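Peer 1: Let me begin by handing over the structure; questions about it come next.
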Amino acid sequence: MTLAAEGASIMLERLEQQRRLTSNQWKLIITGNLADLLDFFDFFLIGYVLAFITKEWQLTYWQGAVILLSSGIGAVPGAFFWGWVADKIGRRKVFILTALNVALATGIMALTPGQNGWIKGWLFLAVFRLLVGIGNAGLYAVDMPLVQEFMPTKKRGWVGALITTLLPAGSMLGGVAGWLLAPIIGWRGMFLLGLVPIVLVLMVRYWVPESPRWLMQKGRHEEARQSLAWALMVDPKEIDLPTTGPEVEKGSWWELFKYPRSVIAGCLVGLTQTGGVGLGLWGATLFVLVLRISPADAAFLMIFVNMAAIVGRFSVTALIEPLGRRGTGTLYCAAAAALMVLAGYLHHVVLGSVSVFFVLVMAQNFFGSAAYSVAGPYMTEIWPTRLRASGMGLAYGVGNSGKIVGPLGLALILGANDLIKPAANLDSLGLAFVYFASWYVLGIIAYWFIGFETKGRSFEEIDAALTGPSPVKARVV
């Protein structure tokens, strides 16, 4: 065992023996959950605003598409960049910076010029939505490492799953705001609501310290002891400091590629979001086309789809430790893929007055959204501590390309003439949904044939396996 590992083991012994989480650890979990909710509220807010301005501004379909997709484009470099920065300057600082990034970029859009302003309104929105995407991906890439590094090994998996449970609620909150508040405050007022994540800055600033594991990697053991004492709610003097100081470990972003199995497994698991994002973005439109209902009725049905997603994510917290990451991820990806294919080919079937398509989409979202509650923790755990945020950023950044290829793939397969309101050929819907399902299959391959199990293994044990004399052999355990 290296000096760094020995020192970490000494300091973390009491944390690893913990049976019940303290109120401070629960504060951190709540902060992470709220961060994801508000982060994705800002991310999906544009979809509800676009409904107000499309007709008012007479937007062309390609202009609307640029606005919608720009945040997905920004999310790819955003995850790479902020993950790398979090390994350099700390998780806590980047958490604060990315929350400000998302909130301010959204709030500034309240000042969007009209279509005949000093800059075209649609172009202004596209630029700032690009910035929202950069911050959105960065916040998700850093909050998972920050929370997990305060948790004992046997609780790390379900805590990681728990802090992702309210992601779908962000979209639901945007819908509620569009339904109840937009008629009163207007679409510019909707963007001002996007400043709410600044509350996260205050929460983290005043009650969350820096990750103890990151501090240990930097040789700042006294500060790490203070962080652990905060989490465990004990006197810092009760936590032993290592008797010898380890070498300060530094990591370069390019070092990630010394761990090819982690790179490939992490990126493929990240891409499992592609089908879900594509279905989520097109969901209301597909309900209008398939069920022949009004947009308002379709939006109402999407509430139930998102509720199924939230329940599905909560279900992961009960299985991720007993079944492990690979078992749970495989189960949910397989169910999500199968239900996606069935929804595509049975879209025309009605049992009594119930649309099979709606039921299958809701069931698919239960498993498909939940699959990402396994992916998030797993993408964080498969890296050495000194590269954890960078690795999470790489995997999540590559995964975010799904926010582009998912919805575009559906448009191309259905033979759409535009990207927002397609003249779709529903005869091709089955093939399109097979395309969505294929991304979940990549996740199954990643879990079982490329990745390795992290259940029950401390970060220090994973570090030792990855950086030991025979890392490839150790990783297969």
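The values are calculated or read from the model by the stated rules, or taken from the named source; none is laboratory data. None of the values given here were measured: they were computed from a predicted structure. Cβ: placed from backbone, ideal geometry, glycine included. Neighbour counts: every protein chain shown. Note: areas computed on protein heavy atoms with side chains; ligands, DNA, RNA excluded. Shrake-Rupley method; radii C 1.70, N 1.55, O 1.52, S 1.80 Å.
Peer 1: Of all the helices (runs of 4 or more DSSP H) wholly in segment 66-169, which have at least 3 residues that are within 25 Å of residue 408 (Cβ to Cβ)?
Peer 2: Numbers: elements: 91-108, 121-148, 153-162.
Those helices (runs of 4 or more DSSP H) span 91-108, 121-148.
Peer 1: What's the number of the condition residue 214 fails, among (1) hydrophobic (A, V, I, L, M, F, W, C); (2) modelled with pLDDT under 85; (3) within 22 Å of the chain's Cα centre (by Cα)?
Peer 2: For residue 214, the exception is condition (2).
Peer 1: State all residues of segment 306-320 that are of a type in the set (A, V, I, L, M), in a helix (DSSP H, G or I), within 15 Å of residue 159 (Cβ to Cβ) and open to solvent by less than 30 Å² (accessible area, probe 1.4 Å); if no residue qualifies, say none. Before you say what the answer is, go through the steps one by one.
Peer 2: Start the filter on segment 306-320 by keeping residues that are of a type in the set (A, V, I, L, M), which leaves 307-311, 316, 318-320.
Among the residues that remain, those that are also in a helix (DSSP H, G or I) are: 307-311, 316, 318-319.
Then drop every residue that is not within 15 Å of residue 159 (Cβ to Cβ), which leaves 316, 318-319.
If the condition is that a residue be of a type in the set (A, V, I, L, M), in a helix (DSSP H, G or I), within 15 Å of residue 159 (Cβ to Cβ) and open to solvent by less than 30 Å² (accessible area, probe 1.4 Å), then 316 is the only one that fits.
Peer 1: Go through segment 100-123 and give me each residue that's of a type outside the set (D, E, K, R) and over 16 Å from residue 192 (Cβ atoms).
Peer 2: Those that are of a type outside the set (D, E, K, R) and over 16 Å from residue 192 (Cβ atoms): 101, 113, 114, 115, 116, 117, 118, 119, 121, 122, 123.
Peer 1: Hey, another quick one. Just to be sure I understand, how many residues within segment 114-166 are within 30 Å of residue 54 (Cβ to Cβ), β-branched (Val, Ile, Thr) and open to solvent by less than 10 Å² (accessible area, probe 1.4 Å)?
Peer 2: Initial filter on segment 114-166 (within 30 Å of residue 54 (Cβ to Cβ)): 114-140, 166.
Filter once more, keeping what is β-branched (Val, Ile, Thr): 119, 127, 132, 134.
With the extra rule that they be open to solvent by less than 10 Å² (accessible area, probe 1.4 Å), the set shrinks to 132.
Of the residues in segment 114-166, 1 are within 30 Å of residue 54 (Cβ to Cβ), β-branched (Val, Ile, Thr) and open to solvent by less than 10 Å² (accessible area, probe 1.4 Å).
Peer 1: Does segment 10-69 hold any residues that are over 19 Å from residue 174 (Cα atoms), open to solvent by less than 70 Å² (accessible area, probe 1.4 Å) and either touching a Ser or Thr at 6+ places or on another chain (Cβ under 7 Å) or among the acidic types (Asp, Glu) (or both), and which are they?
Peer 2: 16
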